[in-house]
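Structure first, then comments.
The values are calculated or read from the model by the stated rules, or taken from the named source; none is laboratory data. If you're wondering where the values come from, they're calculated on a predicted model, not measured in any experiment. Neighbour counts run over all protein chains shown; Cβ positions are idealised from the backbone, glycine included. What goes into the accessible areas is simple: the full protein's heavy atoms, side chains included, and nothing from ligands, DNA or RNA. Shrake-Rupley method; radii C 1.70, N 1.55, O 1.52, S 1.80 Å.
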Amino acid sequence: VVMLVILIYILALVGNKLLQEEQEFSSVLAAASTLFRCFTDGCSDYDGRPLQERLRMKYGFIVFVLYLLCYILISAGVFNLIMALFIDNVVNTQAERKQKDLSDSSARTEIILKEALLRLALQSKATGVPEETEADIQSIEKVFKNADVRIRTQFDILSEARVEILKDQFNVWLEDEEFIHALELAEIDIHNKAALFEVVDADLGGSLTPDEVYNGLMKLRGPVTKADIIAIRLKIRHLIQETCHESGNGEKEL
């Protein structure tokens, strides 16, 4: 906005200097008002006639060229720049608010996901939850009055049992409406459900533990952020350094 005001002021000084005998440019303020109207509302003189055409017929074709250049500079340049800055500010503000909302709701999302995974693991025979583990989980029901503490404790018991969840079983879970609802509440993108298991299965082992499923799903919440990109770069750098270190040790042994 400051840039727009400065440009119009400079053009008003030039217009007042060159076209002072014209009523619309008789003063700097009048010239600035006329130029602002030409760039925003409509370029007409005080009698309602097209100002640029009247000036072109009086002063020649050079007036049209100068008007065209100024119009492109202000309308296609400055106005678009202002709009781009405004949109960028709105997008950044929205992204920051989104990340804050995700952070504030992380505790509640933890309970929602763990409760859903507990229910599915106990219902599914394919996961192979040991009877002792299932009995321990059921015994916790009456121990804790606080539901959040109870769910966390039950999920920890399930994780310690090292239950393995295969891809076919995980895909069956993705057909469960309550589980899908939990993922939607966690703001996890489920449009490509077929690839979700591969995304969470970071070590490509073909199976997942409840902890791996939970941690993977929590990482999938919300849009990609700068922190996610930097984390990938740092991990790749660490892997490269470890590989170089191992290669150096191997050469020394040879």
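Determine whether region 93-110 contains at least one residue that is modelled with pLDDT of 80 or more and within 23 Å of residue 4 (Cβ to Cβ).
Within region 93-110, one or more residues are modelled with pLDDT of 80 or more and within 23 Å of residue 4 (Cβ to Cβ).
Answer yes or no: is there a residue in region 62-75 that is among the polar types (S, T, N, Q) and either open to solvent by 60 Å² or more (accessible area, probe 1.4 Å) or in contact (Cβ under 8 Å) with a residue 40 or more places away in the chain (or both).
Our first condition is that a residue be among the polar types (S, T, N, Q); within region 62-75, this holds for 75.
Adding the requirement that they be either open to solvent by 60 Å² or more (accessible area, probe 1.4 Å) or in contact (Cβ under 8 Å) with a residue 40 or more places away in the chain (or both) leaves none.
The answer is no, given that none of the residues of region 62-75 is among the polar types (S, T, N, Q) and either open to solvent by 60 Å² or more (accessible area, probe 1.4 Å) or in contact (Cβ under 8 Å) with a residue 40 or more places away in the chain (or both).
If residue 240 passes every condition in (1) part of a helix (DSSP H, G or I); (2) more than 21 Å from the chain's Cα centre (by Cα); (3) under 25 Å from residue 158 (Cα atoms) but one, which one does it miss?
In the conditions (1) part of a helix (DSSP H, G or I); (2) more than 21 Å from the chain's Cα centre (by Cα); (3) under 25 Å from residue 158 (Cα atoms), residue 240 misses (3) alone.
What's the total number of residues in region 107-130 that are touching a residue at least 12 places away in the same chain (Cβ under 8 Å) and not in a helix (DSSP H, G or I)?
Looking only at that region, the number is 6.
Taking into account only those residues within region 40-58 that are of a type outside the set (A, V, I, L, M) and touching a residue at least 12 places away in the same chain (Cβ under 8 Å), which is most open to solvent (accessible area, probe 1.4 Å)? It would help to see each step written out before you state the result.
Pass one, region 40-58, residues of a type outside the set (A, V, I, L, M): 40-50, 52-54, 56, 58.
Right, trim to touching a residue at least 12 places away in the same chain (Cβ under 8 Å) and you get 43, 45-46, 52.
Values: 43: 22, 45: 9, 46: 118, 52: 49 Å².
Here the residue is 46.
Within region 1-39, which residues are outside any helix (DSSP H, G or I), within 17 Å of residue 67 (Cα to Cα) and open to solvent by 50 Å² or more (accessible area, probe 1.4 Å)?
From region 1-39, those outside any helix (DSSP H, G or I) are 1, 19-22, 26-27; that's our starting set.
Subsequent filtering for residues that are within 17 Å of residue 67 (Cα to Cα) retains 19-20, 22.
The one that is outside any helix (DSSP H, G or I), within 17 Å of residue 67 (Cα to Cα) and open to solvent by 50 Å² or more (accessible area, probe 1.4 Å): 20.
Going by what's in this entry, would residue 98 be described as in contact (Cβ under 8 Å) with a residue 40 or more places away in the chain, open to solvent by less than 30 Å² (accessible area, probe 1.4 Å) and charged (D, E, K, R)? Give the derivation first.
Details: in contact (Cβ under 8 Å) with a residue 40 or more places away in the chain: yes; open to solvent by less than 30 Å² (accessible area, probe 1.4 Å): no; charged (D, E, K, R): yes.
When the stated conditions are applied, residue 98 does not pass them.
With (1) open to solvent by 80 Å² or more (accessible area, probe 1.4 Å); (2) under 26 Å from residue 169 (Cβ atoms) as the list, and residue 126 as the residue in question, which single condition is left unmet?
With (1) open to solvent by 80 Å² or more (accessible area, probe 1.4 Å); (2) under 26 Å from residue 169 (Cβ atoms) applied to residue 126, the lone miss is (1).
Being under 27 Å from residue 105 (Cα atoms) and among the acidic types (Asp, Glu): is that true of residue 164 here?
Numbers: under 27 Å from residue 105 (Cα atoms): no; among the acidic types (Asp, Glu): yes.
Taking the combined requirement at face value, the residue does not satisfy it.
Checking residue 209 against (1) at pLDDT 85 or above; (2) under 27 Å from the mean Cα position of the chain (by Cα); (3) of a type in the set (Ser, Thr, Tyr): exactly one of these is not met. Which one?
Result: residue 209 fails condition (2) only.
Any idea how many residues of region 131-165 are open to solvent by less than 50 Å² (accessible area, probe 1.4 Å), in contact (Cβ under 8 Å) with a residue 40 or more places away in the chain and closer than 22 Å to residue 201 by Cβ?
5
Yes or no, residue by residue, for (1) under 22 Å from the mean Cα position of the chain (by Cα); (2) assigned to a helix (DSSP H, G or I); (3) closer than 30 Å to residue 224 by Cα; (4) not basic (Lys, Arg):
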{"position": "42", "(1), (2), (3), (4)": "no, no, no, yes"}
{"position": "46", "(1), (2), (3), (4)": "no, no, no, yes"}
{"position": "57", "(1), (2), (3), (4)": "no, yes, no, yes"}
{"position": "63", "(1), (2), (3), (4)": "no, yes, no, yes"}
{"position": "88", "(1), (2), (3), (4)": "yes, yes, yes, yes"}
{"position": "96", "(1), (2), (3), (4)": "yes, yes, yes, yes"}
